[in-house]
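Student: Sharing a structure, written as structure tokens. Questions coming.
No value in this document is a laboratory result; all are computed from the given coordinates. All of these numbers come straight from a predicted model, not from anything done at the bench. Cβ placement follows ideal geometry from the backbone for every residue including glycine, while neighbour counts extend to all protein chains displayed.
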Amino acid sequence: MRKPIIAGNWKMNNTARAGVALVEELKPLVKNANCEVVVCVPAIDIPAVSEAVKGSNIALGAQNVHFAPKGAYTGEISAEMLNEYGVKYVIIGHSERRQYFGETDETVNKRTLAALEAGLIPIVCIGESLEERETGKTEAVLAKQIKEGMKGIDDISKIVIAYEPVWAIGTGKTATAEQANETIGFIRKTCAEVFCPKCAEKVRIQYGGSMNAGNCKQLMAMPEIDGGLIGGASLKAHDFSEIANYDKGGMAGMKLSKELL
Ligand code: PEP
């Protein structure tokens with residue numbers, strides 16, 4: 001069974017004070033959500049938001065973690081620092097980190113292994129650019145990101161994978177539900193080949209890229225899609241809650257793995 005996970009990626013938005021106000025507004029709106037609800041906040045917001053989410057069904061996430069336990073890495077944050085504030089999830093390898101901060105599959109891999117070792121749940125982002133999609137390279141790009149970025153993970157179901165086509169992030173262009181489902185199906189198949197079929201059936205794979213209240217139901221109805229990583233629409237409590245409550249009637253519930261069907 002795969003419990004859907006809807007995670008907000010605030011990126012570099014919201015001061016700690018604004019973040020607490022957003023979470024306070026969000027708490028009553030998502031309290032009956034049938035999925036896991038996560039907010040991934042800027043590092044400096046973590047102490048305040050960690051207090052604000054206490055006693056609620058909102059889990060706390062970070063947007064990055066360093067691979068070394070400590071040391072001369074100016075500007076970086078260690079897993080131990082995140083653990084001290086009850087951080088559960090950490091986004092790793094977001095396309096903006098890859099594009100602007102030199103993140104590679106190798107550093108994604110090191111950060112992911114360090115996060116797992118420290119008991120954090122990595123949300124590892126992968127996805128192709130528009131040019132790669134248009135030239136038929138999507139599968140090769142994703143396979144490389146999986147093989148290199150996730151190398152050495154003993155149980156792939158311990159992480160969350162976010163499939164985020166770079167061309168759909170913050171652009172208002174969403175992959176169609178069928179496109180996203182097919183590509184996520186490919187990611188699951190590759191995980192089965194590279195890791196193990198059982199773990200691949202269990203690993204949660206989110207879609208990310210201009211997901212909003214209007215398109216979330218269609219995307220979430222797809223059998224392979226286990227949640228969403230939400231940027232822009234996570235900055236407004238009402239918009240984000242509409243996504244987290246996509247399954248208000250409880251129709252979808254858990255996603256059953258193929259072996260249980
Ligand atoms: C993201 O940053 O992970 C993302 C999906 O952004 P947006 O929802 O704004 O496209």
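Student: Residues of the stretch 11-43 with backbone nitrogen within less than 16 Å of a virtual label 7 Å along the Cα-to-Cβ line of residue 221, please, listed as ranges.
Tutor: Under 16 Å, as judged by backbone N against the label point of residue 221, lies no residue of the stretch 11-43.
Student: After finding the eigenvalues of the alpha carbon gyration tensor for the stretch 125-261, what semi-axes result from the square roots of 5 times each, listed largest first in whole Å?
Tutor: Value: 23, 19, 12 Å, ordered largest first.
Student: Report the equivalent ellipsoid semi-axes for the chain in whole Å, largest first, defined as the square roots of five times the eigenvalues of the gyration tensor built from alpha carbon atoms.
Tutor: 25, 23, 18
Student: Helix-only mean residue ellipticity at 222 nm, the chain, DSSP H runs n ≥ 4 weighted -39,500 (n - 2.57), per residue, nearest 500. What is it?
Tutor: My calculation for the chain gives -11000 deg cm²/dmol from helical runs alone.
Student: Using a Cα distance threshold of under 14 Å, what count of lysine pairs results for the stretch 114-261 when pairs must be 8 or more residues apart or interchain?
Tutor: Close lysine pairs found across the stretch 114-261: 11.
Student: Can you tell me the order of 183-192, 122-131, 140-149 when each peptide is scored by its average per-residue count of other Cβ atoms within 10 angstrom, highest first?
Tutor: 122-131, 183-192, 140-149
Student: Using Cα-Cα distances under 8 Å and only pairs 6 or more residues apart, what relative contact order does the chain have, in percent?
Tutor: 24
Student: Considering just Cα atoms, how many Å³ per residue does the convex hull of the stretch 1-134 enclose?
Tutor: Each residue corresponds to 139 Å³ of Cα convex hull volume.
Student: What is the local net charge at residue 17, summed over the other residues whose Cβ is closer than 15 Å to its Cβ (Lys, Arg +1; Asp, Glu -1)?
Tutor: With Lys, Arg at +1 and Asp, Glu at -1, the net is -4.
Student: May I pose another question? Tally the DSSP beta bridges in the chain and give the antiparallel ones as a percent, rounded to 5.
Tutor: Around 5 percent antiparallel, to the nearest 5.
Student: Counting only pairs 8 or more places apart or on different chains, how many lysine pairs in the stretch 1-70 have C-alpha atoms closer than 26 Å?
Tutor: Total qualifying Lys-Lys pairs in the stretch 1-70 comes to 10.
Student: Label points 7 Å out from Cα along the Cβ direction at residue 83 and residue 12: separation in nm?
Tutor: Placing both labels 7 Å along Cα→Cβ, they lie 3.0 nm apart.
Student: Using a simple spin-label model with points 7 Å from Cα along the Cα→Cβ vector, what separation in nm is obtained for residue 129 and residue 51?
Tutor: For the pair residue 129/residue 51, the computed spacing is 4.4 nm.
Student: So for each of 22-30, 72-80 I average, over its residues, the number of other beta carbons within 10 Å; can you give me the resulting order with the highest mean first?
Tutor: 22-30, 72-80
Student: Say R0 is 30 Å: what FRET efficiency, to the nearest 0.05, do residue 148 and residue 24 get from their beta-carbon distance?
Tutor: The computed FRET efficiency comes out at 0.15.
Student: Obtain the radius of gyration and the Kirkwood radius of the stretch 76-122 from its C-alpha atoms and give Rg over Rh.
Tutor: Over the Cα atoms of the stretch 76-122, Rg/Rh equals 0.98.
Student: Could you give the size of the charge dipole of the chain about its Cα centre, using +1 on the Cβ of each K and R and -1 on the Cβ of each D and E, expressed in debye and rounded to the nearest 20?
Tutor: Charge dipole, the chain, about its Cα centre: 420 debye, nearest 20.
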